[in-house]
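All remarks here apply to the structure that follows.
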Amino acid sequence: MKSQIAVPIPTEQFVELVNFLREEKDIRDPVEVVSYAIEYFLNNAAHKQDDLLVTRSSHGYQWKNLYLPDKTQIRMQYKGRYFYATVERDEIIFERTPISPGSLANKIAGSSRNAWRDLWIKRPEDKEWKLADDCRRDAEDIDPDEAMKDFLSTSNTLRASNDDNNISR
């Protein structure tokens, strides 16, 4: 007999999974699907780190819901001139002084500004500058339904693969 443990997850998340399975006419037990998710993660995390594991350096600046990794560049254009700051370890540095994003925008303009709309971000993995407000929106735009569809598709493939392996044994 296999022993089992209970792993607490938010009720809303479990209900969302149950509803999703029902909508997709998937008759599997939601607990089985969660188990496949863990199995999939364990089988793939080592060679798919970019997709499955948080690979942040241990340093960076957390701006509300937006994480800015170490070496992120920040710029603001004001009166035809560009001003630059950089995330160094856990701080934003402007003119060799730690500063918050809001204070940075205000200092550059000499008046009250909205940093989300005035600052542009270029993280180490970014090819182009992005408006901070767009980066913030991207951080909020993880669609749970799309993520679940991707997971279930992969889960079905994994299950079929496991079934094939069990047959050949």
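Each reported figure results from applying straightforward, stated rules to the coordinates on display, with no laboratory input. Note that this is a predicted model, so its numbers are computed, not measured. Glycine also receives a Cβ, built like all others from the backbone with ideal geometry; neighbour counts cover every protein chain displayed.
A few notes on this one:
- Pick from region 121-135, criterion in contact (Cβ under 8 Å) with a residue 12 or more places away in the chain and outside any loop (DSSP other than H, G, I, E, B), ranking: surrounded by the fewest Cβ atoms within 10 Å (Cβ to Cβ): Leu131
- The residue pairs whose first member lies in region 1-23 and is closer than 13 Å to Ala37 by Cβ, whose second member is among the charged types (D, E, K, R) and part of a loop (DSSP other than H, G, I, E, B), and whose beta carbons are closer than 9 Å, counting only pairs six or more residues apart or on different chains, are Phe20/Asp26; Leu21/Arg28; Leu21/Asp29.
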